[in-house]
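*Asks:* Dropping a structure here in structure tokens format, bear with me for questions.
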Amino acid sequence: MDQADELRKKVELLKEQTPSSRVIAVTSGKGGVGKTSVSVNLALQLQKQGKRVVILDADFGLANVEVMLGIRPKYNLADLIFHNKTIEEIITQGPLGIGFISGGSGVQDLVNLDKDRLKGLIAKLVKLDNMYDVVIIDTGAGISDSVVEFVLSSPEILLVITPEPTSITDAYSLLKAVNRKREFDRNGKSIKVITNRVESMREGREIYEKIRIVASKFLNIQLEYLGYVPMDKKIISAVIEQNPISLGDPGSEPAIQFKNIANRLLNRSDKEEKQQSGIAKVLLSFIKSKKNG
Ligand SMILES: Nc1ncnc2c1ncn2[C@@H]1O[C@H](COP(=O)(O)OP(=O)(O)O)[C@@H](O)[C@H]1O
Ligand SMILES: [Mg+2]
């Protein structure tokens, strides 16, 4: 039994005593398709529905969740791991009481932790599992960096695509890269698609069908459709004004669609409910697949 297995057992034991959060990883094949916009707006919509939500920004380099929310975190995940900060200290409060954690360099550092640091981190993450119902991970894009490992580790994936042909082919490449991995557990995973920047409900459905068919035919991966977000200039101004559309203009078409998608997320099957594993377990599994990969 290796170190990660040992810790996994500990996490399992802790889980029996404490509830674990629902982890949702928001991802895409290519950048700029709306992952951060989706993460922020769904966080707000789920919080409006009475869930306690925290966003973990794992998109290194671009600190764009904080830009969209207009908040500045003081600390990040690396401070939690290396500088003795508590979980409360690294969470920044956002609008409506959603939490925000900046991954910073911490996500990359996760792989090289010694046993004691890893233990300390897991204990803190178990605490996070108690504090929130939903953890949304904004993973970044593509098949490089840590995106594939996040997709492998999280039981629930939201894949964002747009009508641009490269968005669809890159999303397919991501699924293909995931499918090649030995750890990929197609039965224990739910991959849901959101279409963004579409002209109509119909266009959203059409581009979803494109990826659904190839994923099913060539990769034997079954996708599920969550809904669409229309192309709307109001989303661009919301980003500039640092006031997400779900807050600033809740009656607008995009905000209504974000709400519909959030409601669909809340109506999940019993099987899926059982797959809910908590952030401690997901990050542990992430560390393990990074090490193997
Ligand atoms: N539905 C939409 N309609 C219009 N513009 C959008 C929409 N969704 C996103 N955008 C614009 O696209 C830009 C990139 O979105 P973002 O969420 O940062 O993408 P990603 O996180 O995937 O890189 C945003 O700054 C926003 O201006
Ligand atoms: Mg982003």
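*Asks:* Taking Val107 and the conditions (1) more than 16 Å from ligand 2 (Cβ to nearest atom); (2) part of a helix (DSSP H, G or I), which numbered condition does it fall short on, given that it satisfies the others?
*Replies:* Failing condition for Val107: (1).
*Asks:* While we're here: In region 186-225, what count of residues is obtained for those that are farther than 17 Å from Ser167 by Cα and part of a loop (DSSP other than H, G, I, E, B)?
*Replies:* Within region 186-225, the first condition is being farther than 17 Å from Ser167 by Cα, and the residues that meet it are 186-190, 200-202, 216-222, 224.
With the extra rule that they be part of a loop (DSSP other than H, G, I, E, B), the set shrinks to 189, 200, 220-222.
Count: 5.
*Asks:* On to the next question. Just one of Val135, Val148 is more than 16 Å from ligand 2 (Cβ to nearest atom) and part of a helix (DSSP H, G or I); which is it? Before you say what the answer is, go through the steps one by one.
*Replies:* Working: Val135 fails: part of a helix (DSSP H, G or I).
Result: Val148 is the single residue among Val135, Val148 that is more than 16 Å from ligand 2 (Cβ to nearest atom) and part of a helix (DSSP H, G or I).
Yes/no matrix, rows are residues, columns are (1) within 16 Å of ligand 1 (Cβ to nearest atom); (2) modelled with pLDDT under 90; (3) of a type in the set (Lys, Arg); (4) surrounded by 24 or more Cβ atoms within 10 Å (Cβ to Cβ):
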site: Arg117; (1), (2), (3), (4): no, yes, yes, no
site: Leu128; (1), (2), (3), (4): no, no, no, yes
site: Thr139; (1), (2), (3), (4): yes, no, no, yes
site: Ile143; (1), (2), (3), (4): yes, yes, no, no
site: Phe150; (1), (2), (3), (4): yes, no, no, yes
site: Pro155; (1), (2), (3), (4): no, no, no, no
site: Leu158; (1), (2), (3), (4): yes, no, no, yes
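*Asks:* Inside region 253-293, can you point out the residues that are part of a helix (DSSP H, G or I), crowded, with 21+ Cβ neighbours inside 10 Å, modelled with pLDDT of 90 or more and not aliphatic (A, V, I, L, M)?
*Replies:* Pro254, Gln257, Phe258, Lys281, Ser285, Phe286
*Asks:* Six or more apart or on different chains, Cβ under 9 Å: which pairs go from a residue in region 226-248 that's assigned to a helix (DSSP H, G or I) to one that's within 6 Å of ligand 1 (Cβ to nearest atom) and acidic (Asp, Glu)? Could you list them?
*Replies:* What qualifies is Ile245/Asp232.
*Asks:* Quick one: which of Leu174, Leu152 is in contact (Cβ under 8 Å) with a residue 40 or more places away in the chain and out of contact with any Gly (no Cβ under 7 Å at 6 or more places or on another chain)? Talk me through it step by step, then tell me what you get.
*Replies:* On the way: Leu174 fails: out of contact with any Gly (no Cβ under 7 Å at 6 or more places or on another chain).
Only one candidate qualifies: Leu152.
*Asks:* Tally the residues that are free of Cβ contacts under 8 Å to residues at least 12 places away in the same chain and either within 14 Å of ligand 1 (Cβ to nearest atom) or not in a helix (DSSP H, G or I) (or both), restricting the search to region 80-92.
*Replies:* Initially, region 80-92 is screened for residues free of Cβ contacts under 8 Å to residues at least 12 places away in the same chain, giving 83-85, 88.
Next, from what is left, pick out any that are either within 14 Å of ligand 1 (Cβ to nearest atom) or not in a helix (DSSP H, G or I) (or both): 83-85.
Count: 3.
*Asks:* Name the one entry in Ile221, Ile213, Ile194 that is of a type in the set (A, V, I, L, M), within 11 Å of ligand 1 (Cβ to nearest atom), closer than 24 Å to Leu152 by Cβ and at pLDDT 95 or above. Talk me through it step by step, then tell me what you get.
*Replies:* Working: Ile221 fails: within 11 Å of ligand 1 (Cβ to nearest atom); Ile213 fails: within 11 Å of ligand 1 (Cβ to nearest atom).
Step by step, each of Ile221, Ile213, Ile194 is checked, and only Ile194 is of a type in the set (A, V, I, L, M), within 11 Å of ligand 1 (Cβ to nearest atom), closer than 24 Å to Leu152 by Cβ and at pLDDT 95 or above.
*Asks:* Evaluate the following for Leu77: is it away from ligand 1 (no atom under 16 Å from the Cβ), closer than 16 Å to Val65 by Cα and at pLDDT 90 or above? Reasoning before the result, please.
*Replies:* Working: away from ligand 1 (no atom under 16 Å from the Cβ): yes; closer than 16 Å to Val65 by Cα: yes; at pLDDT 90 or above: yes.
Yes, satisfied.
*Asks:* Return only the number of the condition from (1) in a loop (DSSP other than H, G, I, E, B); (2) on the phi > 0 side of the Ramachandran plot that Lys51 does not satisfy.
*Replies:* (2)
The values are calculated or read from the model by the stated rules, or taken from the named source; none is laboratory data. Predicted model only: the values in this text are computed from it and were never measured. Every residue, glycine among them, receives a Cβ derived from its backbone with ideal geometry; neighbour counts consider all protein chains shown.
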